[in-house]
Amino acid sequence: MSYNPYNDVLTAIENAAKILGYNENDYANIKFPERELKVTFPVRMDDGSVNIFEGYRVQHSSSRGPCKGGIRYHKDVDIDEVKALAAWMTFKCAVVGIPYGGAKGAIKVDPSKLSKAELERLTRRFTAMILPIIGPERDIPAPDVNTNGEVMGWIMDTYSMMKGYAVPGVVTGKPIDIGGSVGRVEATGRGVMINAREFLKKRGETLVGKTCAVQGLGNVGGVAAYLLEQEGAKIVAVSNSSGALYNPTGLDIKDIFNHLASKSKSLQDYDGLGVKHISNDDLLTLEVDILAPCGLQNQITADNAGKINAKLIVEGANGPTTAEADKILARNGILLSPDILANAGGVIVSYFEWVQNIQELTWDEQNVNGELNRIMTQAIDAVYAMAQEKKITFRAAAYCIALSRLVKAKHIRGIFP
Ligand code: GLU
């Protein structure tokens with residue numbers, strides 16, 4: 001049977017509901033997305049031909065506030081993946097206590113095959129197709145896998161043109177010149193570093209000298225590797241879709257970034273003293289203090305979970321560990337900061353960006369990073385305390401906190417009509 005991430009969402013919800021002693025009636029609505037939109041639309045390619053693309057926007061929950069979540073461009077994306085990603089956003093916003101529900105969008109496309117002009121037309125047409133259900137009070141997209149500030153700028157412009165005035169609050173993760181926030185690009189990676197630092201602190205340890213393996217060197221993994229190193233950790237392995245590097249005495253992260261920014265763009269051609277080329281699978285099973293999967297979902301599975309040798313896993317990606325693998329890791333005593341907590345730094349600073357937009361004011365970097373640190377540390381402390389109290393994993397504790405907030409919000413609001 002093929003992997004369906006939405007089943008893992010349901011498993012996590014059922015598990016939390018059982019721990020909290022809920023009746024089916026208390027939380028039944030949370031098992032279903034509120035709204036699923038599938039769109040099919042044409043895009044004119046540079047050679048004059050027309051290609052048809054499929055896209056999605058799923059709004060999982062608006063119980064605690066407007067729906068919030070990124071848009072990804074990926075050739076393998078499907079509706080179940082987007083449903084799962086939307087639900088994870090609901091739980092993510094709830095566990096860190098920001099006033100949003102969850103959503104996610106995607107286009108089934110390999111963006112590396114498109115020119116910049118094609119990518120812009122694709123983005124603008126997709127925005128027009130989902131326009132009736134997005135908006136600053138309704139549903140606020142943001143960057144995700146293979147999308148960035150430039151794409152958010154096109155979305156903001158398309159939406160604004162339709163309205164007839166500038167609406168910066170319709171998306172977050174925008175370039176700073178059009179209402180983006182300082183610190184947003186680094187926020188998810190910074191949150192990963194904070195999670196590693198705080199969970200070590202609970203054991204009376206620090207990041208200094210800790211060995212780390214980081215899977216994925218994009219916006220999340222790249223920043224996480226950089227900041228972990230800045231805090232004194234030793235990055236011994238990194239990978240992306242082009243390959244994986246390992247050096248037990250530590251990699252030169254800056255040199256690797258320079259290499260990736262150069263003409264090659266492939267880790268496969270990277271050469272450094274003592275650097276070995278390994279596979280992405282090898283990276284996951286290295287003996288390290290911290291493993292940060294920061295790429296895609298479905299990486300730590302029942303097949304490799306038993307071979308994981310990390311002491312602490314910090315999930316920078318959404319859904320990198322399957323529900324089956326999760327049980328194996330827990331049985332083996334491997335600590336894990338779950339995705340809905342570990343990668344929430346991005347949406348926390350998205351929230352700050354949106355607040356700045358609707359209040360028409362700007363925060364400085366110290367304020368943004370200070371507030372991110374405060375909200376994230378508070379959420380980590382609450383998850384840790386709940387896990388200790390109930391003798392459950394951090395993932396189960398994070399879901400319990402989030403689910404109880406969702407159930408409470410639904411209860412207070414009641415059922416319409
Ligand atoms: N795509 C990011 C995530 O999965 C950020 C979402 C947002 O900022 O709305 O958390």
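Read-outs: derived from the displayed coordinates by stated rules, not from any lab. Source: prediction; values computed, not measured. Glycine gets a Cβ as well: all are built from the backbone with ideal geometry, and neighbour counts include every protein chain shown.
With respect to the cross-link table entries Lys18/Lys83; Lys38/Lys390; Lys18/Lys202; Lys202/Lys408; Lys116/Lys234; Lys174/Lys254, which display a Cα-Cα separation exceeding 31 Å? Please report the intermediate quantities before stating the final value.
Details: Lys18/Lys83 22 Å; Lys38/Lys390 40 Å; Lys18/Lys202 27 Å; Lys202/Lys408 29 Å; Lys116/Lys234 37 Å; Lys174/Lys254 25 Å.
The pairs that break the limit, which is 31 Å between Cα atoms, are Lys38/Lys390; Lys116/Lys234.
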In nm, the gap between the two label points placed 7 Å beyond Cα toward Cβ at Leu131 and Asp76 is 3.4
Here the FRET efficiency for Lys307 versus Ser160, based on Cβ atoms and R0 = 51 Å and rounded to 0.05, is 0.50
The Cα radius of gyration of the stretch 1-152, divided by 2.2 N^0.38 Å with N its residue count, comes to 1.12
Between the modelled labels at Asn51 and Gln359 (7 Å from Cα along Cα→Cβ) the distance in nm is 4.2
In nanometres, the difference between 0.36 nm per residue of separation and the alpha-carbon distance of Ala261 and Lys31 is 78.6 nm
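Once fully extended, how much extra length lies between Asp271 and Glu14, figured as 0.36 nm per residue of separation less the alpha-carbon to alpha-carbon distance? Write out the running numbers ahead of the final one.
Values: separation 257, 0.36 × 257 = 92.52 nm, distance 4.78 nm.
So the extension gain works out to 87.7 nm.
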Length-normalised contact order of the chain, Cα under 8 Å, at least 6 apart, in percent, tallies to 17
Taking alpha-carbon centroids only, the stretch 218-280 lies from the stretch 1-40 a number of Å equal to 37
Here the net charge surrounding Leu200, from other residues whose Cβ is less than 13 Å away from its Cβ (Lys, Arg +1; Asp, Glu -1), is +2
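Please report the antiparallel percentage of DSSP beta bridges with both residues in the chain, rounded to the nearest 5.
On the way: 24 of 46 bridges.
Of those bridges, close to 50 percent are antiparallel.
Full extension from Thr40 to Arg413: what is 0.36 nm times the residue separation minus their Cα-Cα distance, to one decimal in nm? Mind dumping the intermediate values first?
Working: separation 373, 0.36 × 373 = 134.28 nm, distance 3.47 nm.
Using 0.36 nm per residue and subtracting the Cα-Cα distance, I get 130.8 nm.
Name the shape class, rounded, prolate or oblate, that the alpha-carbon gyration tensor gives for the stretch 186-237, where a ≥ b ≥ c are the square roots of its eigenvalues, rounded holds for a/c under 1.5, and otherwise prolate holds if a/b is larger than b/c and oblate otherwise. Working shown, then result.
Working: a/c = 2.19, a/b = 1.43, b/c = 1.53.
Oblate, because a/c is 1.5 or more while a/b does not exceed b/c.
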For Gly345, the net charge from surrounding residues (Cβ-Cβ under 9 Å; K, R +1; D, E -1) works out to 0
Expressed as a percent, the portion of alpha-carbon pairs in the stretch 116-270 spaced more than 26 Å apart is 42
Taking a crude spin-label model, label points 7 Å out from Cα along the C-beta direction, the Ser242 to Lys327 distance in nm is 4.0
Share of Cα-Cα pairs in the chain beyond 33 Å, whole percent, is 30
The distance between the Cα centres of the stretch 375-416 and the stretch 150-179, in whole Å, is 33
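What does the charge add up to near Asn373, with Lys and Arg as +1, Asp and Glu as -1, over the other residues with Cβ less than 14 Å from its Cβ?
On the way: positive: Arg190, Arg197, Lys201, Arg374; negative: Glu186, Glu198, Glu231, Glu365, Glu371, Asp381.
Charge balance in the 14 Å sphere: -2.
222 nm [θ] for the chain, helices only, -39500 (n - 2.57) per DSSP H run of 4+, per residue, to 500?
Working: 14 runs with 186 residues, N = 417.
Using -39500 (n - 2.57) per qualifying helix, the result is -14000 deg cm²/dmol.
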Packing-ranked peptide list from 214-221, 145-152, highest mean Cβ count within 10 angstrom first, is 214-221, 145-152
